[in-house]
1. Per 10 Å bin, what percent of the C-alpha pairs of the chain does each bin hold, from zero upward?
2. Could you check the simple spin-label distance between GLU48 and HIS233, using points 7 Å along Cα→Cβ, in nm with one decimal?
3. Given a Förster distance of 30 angstrom, what is the FRET efficiency for LYS225 paired with SER284, based on the Cβ-Cβ distance and rounded to 0.05?
4. At q = 0.11, 0.13, 0.24 Å⁻¹, what log₁₀ I(q)/I(0) does region 122-228 have when each alpha carbon counts as one equal point scatterer in the Debye sum?
5. I need to check one value: relative contact order of the chain, counting alpha carbon pairs closer than 8 Å and at least 6 residues apart, in percent.
6. How would you order 369-375, 7-13 from highest to lowest mean count of nearby Cβ atoms within 10 Å?
7. If I model region 115-168 as equal point scatterers sitting on the Cα atoms and use the Debye formula, what is log10 I(q)/I(0) at q = 0.20, 0.21 Å⁻¹?
8. How big is the Kirkwood radius of region 332-425, worked out from every pair of different alpha carbons and given in Å to one decimal?
Amino acid sequence: MYSGRVASVEPGSIAEEAGILPGDLIISINGHKLADIIDYRFYSTEEEIDVLVRRGDEEAVISIEKDYDDPLGIEFEDELFDGVRECGNRCIFCFVHQLPRGMRRSLYLRDDDYRLSFLHGNFVTLTNVTEDDLKRIIEQRLSPLYVSVHTTEPELRQQMIQSRNAPDIMQQLQTLAEGGIILHTQIVICPGTNDRDHLARTVKDLASLYPQVASIGIVPVGLTKHRRASLPHIELIDPEGARQIIRQVRAWQKEFRKQFGTRLVWASDELYLVAGIKVPSAASYEGYPQIENGIGLVRQFIDDLRRTAKRFPERLPYPLRATLVTSTLAAPVVEELADVLNRIENLRVKVVPIINEFFGESVTVAGLITGKDIKDRLMKADVGDVVTIPSVMLRDGVFLDDMTVDELSAALNRPVIAVEPRPTALVKSLIHIFSQSELPES
């Protein structure tokens, strides 16, 4: 039986007044069993609710009267009471299948849970979603959802995700669209498989569901040197391939603006950087609907720099030399920031792009750089007084290889600070150094 274990109860809350305690199990509300925090929120909105609570070996029904939609004041240990739904596919581009052995177990978890899509914006394939799940999504208004489509051609999609039983994605999206669910979709491009004419069909099919399909993001496949030999061969997107996709995207955007009043489809920042083409203007991103998918981050970075550079201090109280760690892909953009920062008196910064030895040189994004690669690159370098790393390099405070920031700092004998990938955040962090303990001598 599914149940949510109470982690804490807000002081003075309805739950505290009702006698609910940390450690209690919430079994059901008004007879509805709870599979997750979404069920809890949905069924606890009524003015009169009966909460079935288990404490130890005893169960009791607690009747509560409250105003409609008033929160009970309960925090749970986990959001999903019945566990995370794992992915049953074997996608030809799956990053988990390209990880080396011996990493922490959580990195090998392939979640494919529509509830995490609603709660956190995770992209899901919907291949393990049942008809009852679709009904629940519509009934409980679990919107928006983020869906990995890749292709709308049924046979090609089955080939790409290596699942013969995969349902027709267009039928699923049609059902959700008719139910009023907003959908943000992504297409991972594998050259020679789902690009060019296949990509054109997919974009056309998804656009037919506008406005419920609110965005279409196109991102390149990521390949590591640990990719299993049993997986199909995939080529990286080269500059000409990236330019081809951008040309397609620009044509679609022009068409959709006339038809819908929105561009609807966007290429990832990585495609522009690989192609050597400037990213579009901020207005072109129309509010950045897929910013977390790496679509528009570079534009935000550049605009933040231009907007705030004039507010940077003219000088620092005393000399400070900083090393800005970044990825090989983002290095040209970060160099623009360094040029501006080096105009500040007493501040000297240099950019050090890290070649990804752990996953392979073809992996060029900052979020997949390990602590060891940074350490090995900087150990023999003059890093100055402080080292900054973009916060996207960390997961739960550690690098992908389980090295901590403190361990990296100890190895370099310099402070290492994780900074949001925004110029203003970096400058504030550097200035904050002045209020800290004395820097080690260079």
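1. Over the chain, the share of Cα pairs per 10 Å bin runs 4, 18, 24, 24, 20, 10, 1 percent.
2. 7.1 nm
3. Values: r = 35 Å, r/R0 = 1.17.
For R0 = 30 Å, the calculated efficiency reads 0.30.
4. -0.33, -0.47, -1.42
5. Details: 750 pairs, mean separation 38.5, N = 442.
Dividing the mean separation by the residue count of the chain yields 9 percent.
6. Numbers: 369-375: 22.0, 7-13: 13.0.
In decreasing order of mean packing, 369-375, 7-13 become 369-375, 7-13.
7. -0.76, -0.82
8. 13.9 Å
Only the coordinates and a few stated rules stand behind these numbers; no lab work does. This one's a predicted model, so the numbers in the text were calculated from it and none came from an experiment. Every residue, glycine among them, receives a Cβ derived from its backbone with ideal geometry; neighbour counts consider all protein chains shown.
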